[in-house]
Amino acid sequence: MSRPWEDTNWIGETGRADDVLRKYMDQWGLPQRETTAYLCGHPHMIENARGILETAGWNKDAIFQELYFQPGKGTAPGLADSAAT
């Protein structure tokens, strides 16, 4: 989504995943207390998306994550220690 030029046939949304999540949060109409979120990708995107979901009322226990890679030293606190949950 953030590199649409890599696929010249791409016709979907463009932009960062956390921005698209924020854009569609209200439109989806998902009941926060009955919905499970699965975040997979870049550690900073996961951190941002988790914050968006928690602010919108998602239960922390209903948000799962999978990092594509472990961040190096000097990255956001808490992400370096978290593996796939």
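So the values come out like this:
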read-out: Among (1) on the phi < 0 side of the Ramachandran plot; (2) loosely packed, with under 12 Cβ neighbours inside 10 Å; (3) free of Cβ contacts under 8 Å to residues at least 12 places away in the same chain - the single one residue 38 does not satisfy; value: (3)
read-out: Per-region count, segment 1-30, residues assigned to a loop (DSSP other than H, G, I, E, B), at pLDDT below 85 and under 16 Å from residue 50 (Cα atoms); value: 1
read-out: Residue within segment 66-73 that is surrounded by 14 or more Cβ atoms within 10 Å (Cβ to Cβ), in contact with a strand residue (DSSP E or B) (Cβ under 7 Å, 6 or more places away or on another chain) and either at pLDDT 80 or above or not in a loop (DSSP other than H, G, I, E, B) (or both) present; value: no
read-out: Residue match in segment 37-55 (condition: over 18 Å from residue 68 (Cβ atoms) and part of a loop (DSSP other than H, G, I, E, B)); value: no
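The values are calculated or read from the model by the stated rules, or taken from the named source; none is laboratory data. For clarity, every value in this text was computed on a predicted model and none was experimentally measured. Here Cβ is always computed from backbone atoms with ideal geometry, including for glycine, and neighbour counts include all displayed protein chains.
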